[in-house]
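Visitor: This is the structure I want to talk about, given as structure tokens.
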Amino acid sequence: MSSSFGEVESAEPPSRDLLRTRILPRTRDEALYTRAQAEGLTELQARILAGRLSGYRGELAPLVSPSLRHLEHPERLVDARRAAERIAQAVTEGEHIGILTDYDVDGITSHVVILRTLNELFGVPASRLHSLIGHRINDGYGISLPLVERTLRLSPRPSLVITADCGSSDEPRIQCLKDAGIDVIVTDHHALPLEGPPASAYATINPTREDCDYPDSTIAGCMVAWLVMSLARSVLIEWGALPASTPKLSPWLSYVALGTVADCVSLGGSAANRAVVAHGLTLINRMEAACWRTMAERLGADSVPFDAETLAFQMGPRINARSRLDDPYAALHFMLAADDNVARQHLEVLDADNQSRKAIEAEMTETARVLAMSQLAADAPALVVFLEEGHAGVQGIVASRLVQAFGRPTLVLTRAAAPGMLTGSGRSIEKLHLRDALQRAHELAPEALPRFGGHKGAAGIGLPETHLEMFREAFLRAVSEQLGSRELYPCVFTDGGLAAGQLSLTTLDELERLAPYGREFDAPLFEGDFLVENLRVVGSEGNHLMLELSQGGVAVRAIWFRALTPGEVPAFALGGRLHCAYKLSRNRWKGRESLQLMIEHAEPLAG
């Protein structure tokens with residue numbers, strides 16, 4: 001693989017200090033810290049809130065005690081009533097309905113919500129429902145032209161298409177469907193283009209619309225779909241087409257929880273997201289669906305109960321892996337499986353894909369790290385890495401790895417299916433709104449960035465290969481305008497230290513009462529100095545460390561994943577001292593629980 005941005009070998013390497021990860025304390029909102037304790041939270045809980053919700057002045061109860069009663073009525077979403085009535089019309093008049101969603105976890109879970117609601121609650125026969133999910137490599141993101149062509153080839157052709165997690169930036173393709181006599185209802189959560197909602201859509205339900213009164217613009221695509229389908233149920237009952245006893249969509253919040261966590265939307269100041277994830281996890285842990293049971297079986301009995309991290313790091317990657325490498329329908333079939341045997345068969349496919357994804361990711365990440373060095377040496381405010389032989393399905397993961405390693409917003413590009421075109425995925429840092437930066441880059445060089453979408457933390461792009469350097473210059477200028485002269489480096493933000501006596505499961509219980517944790521409400525991370533009592537290299541590649549550490553007479557086990565490169569020797573030994581950034585975790589083994597530290601970063605201490 002090679003880069004379009006100069007020969008790496010000839011560039012001066014970046015300074016070691018530029019690449020050194022720094023352990024830094026979080027900025028604490030002192031007013032919130034004081035208020036939280038006054039309202040009955042412990043000092044530690046108040047510290048966690050005050051480090052994540054800077055400037056928050058709302059009520060704490062909806063965040064600390066998530067509840068569905070804090071959800072807003074779906075009619076507050078612009079166009080939701082219009083969409084619900086059109087869906088109700090399609091149901092009552094026996095129309096064929098297309099369900100068109102993105103291929104990632106948010107899209108797949110949205111698909112499940114819409115499909116199960118139409119079929120199981122509204123009584124639409126499966127023969128009248130058409131699943132339309134794009135292939136990441138062959139079709140691309142959103143309402144792509146190949147998906148439009150596939151829709152138009154259906155017989156009978158649907159007269160209504162409902163999108164989820166996509167569509168806001170797809171006006172030309174929506175116009176094609178409209179011209180063919182197909183109404184398109186867009187349900188989405190991605191930022192709208194400057195010209196506003198797609199003009200050809202029958203309805204566009206998106207909480208980021210400027211004219212939308214819905215109080216939470218951070219909800220995931222699957223939540224938007226759930227709200228619209230919930231309103232469609234109400235309309236059908238109002239019309240007398242369904243009995244009032246028709247079940248509500250509450251059970252589907254298990255899928256919404258998975259999609260919300262996996263799509264990395266905010267779990268900070270969003271009462272809605274915290275409520276659906278908390279409630280959804282309760283539903284998931286009843287293990288009533290085959291997908292949850294077989295996943296628990298695969299992960300082992302000690303994995304139950306699932307938490308948000310299980311969804312983020314176990315279920316999400318497996319479902320995403322299928323769409324990253326191949327056709328996404330196996331993921332849909334896994335989620336919909338009616339019995340455990342069928343679910344297991346599909347999970348085998350997802351697992352195999354996930355292993356392949358890991359291997360591809362490792363190779364691409366290593367190549368991307370090397371190619372990034374010349375840009376780091378030039379102190380570029382963002383990284384734009386073109387992997388000529390890279391796999392498009394793993395761009396986002398590789399970008400995330402580079403953000404973690406170098407502390408700079410990163411775009412990773414590969415060749416697209418269309419000749420002469422590139423496709424890319426980006427991940428950002430806390431202080432940069434990535435989609436806004438791309439919007440600015442588009443304004444600076446519109447021909448160099450004809451297609452882009454996303455939100456603050458993640459985005460996708462498409463551009464001509466011949467305009468790559470022009471795009472890079474525009475993007476770096478846009479990033480510089482946002483960040484100014486801010487110094488950039490990889491860093492780990494912690495919630496301070498814990499006393500030796502706090503290294504216990506009791507403290508973990510105290511922290512778990514503030515769950516769920518996720519994007520913009522990161523799991524608590526602490527720092528402290530420890531004595532190394534024991535250590536051994538573990539893992540098939542010899543890159544993890546199992547440690548026994550002590551502090552103030554308290555001994556605790558710890559695991560440090562990816563502490564080493566394969567074959568590397570630890571930079572410290574028995575009796576050495578480490579300054580660690582760590583999480584508290586619950587180690588379950590044969591029905592017993594013990595505290596374990598999860599090391600995120602550590603530095604040997606002199607002396």
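FYI, it's all coordinate maths here, none of it is from the lab. Since the structure is predicted, the reported quantities are computational estimates derived from the model, not experimental observations. Positions of Cβ are backbone-derived with ideal geometry, glycine not excepted, and every protein chain shown enters the neighbour counts.
Visitor: Cα gyration tensor of region 260-299, axes a ≥ b ≥ c as square roots of the eigenvalues: rounded (a/c below 1.5), prolate (a/b > b/c) or oblate? Please report the intermediate quantities before stating the final value.
Guide: Values: a/c = 3.80, a/b = 2.08, b/c = 1.83.
Prolate, since a/c reaches 1.5 and a/b exceeds b/c.
Visitor: Sorted by mean Cβ packing within 10 Å, highest first, what order do the peptides 239-248, 452-461, 208-217 take? If you can, show how the numbers build up before the last one.
Guide: Working: 239-248: 11.4, 452-461: 22.2, 208-217: 14.9.
Averaged packing, sorted descending, gives the order 452-461, 208-217, 239-248.
Visitor: Here's a follow-up. Quick one: compute the contact order of the chain, relative version, from alpha carbon pairs under 8 angstrom and 6+ residues apart, as a percent.
Guide: Numbers: 1222 pairs, mean separation 84.5, N = 607.
About 14 percent, as a whole number.
Visitor: Then there's this: For region 481-539, what is Rg from Cα atoms divided by 2.2 N^0.38 Å, rounded to two decimals? All intermediate terms of the calculation are to be shown ahead of the outcome.
Guide: Numbers: Rg = 16.5 Å, N = 59, 2.2 N^0.38 = 10.4 Å.
Against the compact-globule rule of thumb, the ratio is 1.59.
Visitor: Here's a follow-up. For a bin width of 10 Å, list the pair-distance distribution of region 68-284 built from all Cα-Cα distances, rounded to whole %.
Guide: 9, 38, 39, 14, 1
Visitor: Over the Cα atoms of region 379-489, what radius of gyration and what Dmax do you get, in Å?
Guide: In Å, with Rg to one decimal and Dmax whole: 12.6, 38.
Visitor: Compute the acute angle (0 to 90°) between the alpha-carbon long axis of helix 434-444 and the principal axis of greatest extent of the alpha-carbon atoms of the chain; round to the nearest 10°.
Guide: Between helix and principal axis, roughly 70 degrees.
Visitor: Residue farthest toward the positive end of the dipole of the chain, with Cβ of Lys/Arg at +1 and Asp/Glu at -1: which of H433, T92, I185?
Guide: T92
Visitor: Treating the beta-carbon of each Lys and Arg as +1 and of each Asp and Glu as -1, no other charges, what is the dipole magnitude of region 379-489 about its Cα centre, to the nearest 20 debye? Before the final figure, lay out the partial values.
Guide: Values: 12 positive and 12 negative charges, 76 e Å.
Dipole size: approximately 360 debye.
Visitor: Under a point spin-label approximation (7 Å from Cα along Cα-to-Cβ), what is the H73-S54 distance to one decimal in nm?
Guide: 3.8
Visitor: Right, another one. At a 10 angstrom cut-off on C-beta neighbours, averaged per residue, how do the peptides 483-490, 581-588 rank from highest to lowest? Can you show the working numbers first?
Guide: Numbers: 483-490: 12.9, 581-588: 19.2.
Descending mean neighbour count gives 581-588, 483-490.
Visitor: Report, in debye and to the nearest 20, how large the dipole of the chain comes out about its Cα centre when Lys and Arg carry +1 and Asp and Glu carry -1 on their Cβ.
Guide: Numbers: 59 positive and 76 negative charges, 176 e Å.
Rounded to the nearest 20 debye, it is 840 debye.
Visitor: Same structure again: How far is helix 290-299 tilted off the main Cα axis of the chain, in degrees rounded to 10, range 0 to 90?
Guide: Result, in degrees: 20.
Visitor: Using helices alone, I'd like the mean residue ellipticity at 222 nm for the chain: each DSSP H run of four-plus residues gives -39500 (n - 2.57), total over residue count, nearest 500.
Guide: Working: 19 runs with 223 residues, N = 607.
When only DSSP H runs of four or more count, the value is -11500 deg cm²/dmol.
Visitor: Any idea what Rg and Dmax come out to for region 20-80 if you just take the C-alpha atoms, in Å?
Guide: Computed over the Cα atoms of region 20-80, radius of gyration and Dmax are 15.7, 50 Å.
Visitor: For T42, project a label point 7 Å along Cα to C-beta. Then give me every residue of region 470-513 with its amide nitrogen under 15 Å of that point.
Guide: Within reach of a label on T42: 497-513.
Visitor: Assuming a viscosity of 1.567 mPa s and a temperature of 4 °C, what translational diffusion coefficient in µm² per second does Stokes-Einstein assign to region 424-471, Rh being the Kirkwood radius over Cα pairs?
Guide: Values: Rh = 10.7 Å.
Using the Kirkwood radius from Cα pairs, D works out to 121 µm²/s.
Visitor: Continuing with the same structure: In Å and on Cα atoms, what radius of gyration and Dmax does region 79-123 show?
Guide: 11.2, 32
Visitor: Does region 137-185 come out rounded, prolate or oblate, given a ≥ b ≥ c as the square roots of the eigenvalues of its C-alpha gyration tensor, rounded meaning a/c under 1.5 and, failing that, prolate meaning a/b above b/c? Mind dumping the intermediate values first?
Guide: Numbers: a/c = 1.68, a/b = 1.25, b/c = 1.35.
Oblate is the answer for region 137-185, as a/c is 1.5 or above yet b/c matches or exceeds a/b.
Visitor: Please compute the length gained on full extension between A244 and A417, using 0.36 nm multiplied by the number of residues separating them and subtracting their Cα-Cα distance.
Guide: Numbers: separation 173, 0.36 × 173 = 62.28 nm, distance 4.89 nm.
Result: 57.4 nm gained on full extension.
Visitor: From the cross-link list K358/K431; K248/K358; K248/K456, which pairs have alpha carbons spaced over 31 Å apart?
Guide: On the way: K358/K431 29 Å; K248/K358 39 Å; K248/K456 33 Å.
As for pairs spanning more than 31 Å Cα to Cα, those are K248/K358; K248/K456.
Visitor: Now for a different question. Can you work out the base-10 log of I(q)/I(0) for the chain at q = 0.07 1/Å, using the Debye formula on its C-alpha atoms alone?
Guide: Listed by q, the Debye log ratios stand at -0.44.
Visitor: What percent antiparallel are the DSSP beta bridges of the chain, to the nearest 5? Numbers along the way, then the final one.
Guide: Values: 51 of 78 bridges.
So the antiparallel bridges amount to about 65 percent of the total.
Visitor: Taking the Cα centre of region 466-574 as origin, work out the dipole magnitude from +1 charges on Lys and Arg Cβ and -1 charges on Asp and Glu Cβ, in debye rounded to 20. Before the final figure, lay out the partial values.
Guide: On the way: 8 positive and 16 negative charges, 39 e Å.
That gives region 466-574 a dipole magnitude of about 180 debye.
Visitor: So what's the angle, to the nearest 10 degrees on a 0 to 90 scale, between helix 468-483 and the longest Cα principal axis of the chain?
Guide: Orientation of helix 468-483: about 70 degrees from the principal axis.
Visitor: I'd like to know which of L121, L578, F386 lies farthest towards the positive end of the charge dipole of the chain, counting +1 on Cβ of Lys and Arg and -1 on Cβ of Asp and Glu.
Guide: L121
Visitor: For a quick protection proxy, order the peptides 416-429, 116-129 by their average other-Cβ count within 10 Å, most packed first. Present the calculation step by step, with values, prior to reporting the outcome.
Guide: Numbers: 416-429: 19.4, 116-129: 15.9.
Order by mean packing, descending: 416-429, 116-129.
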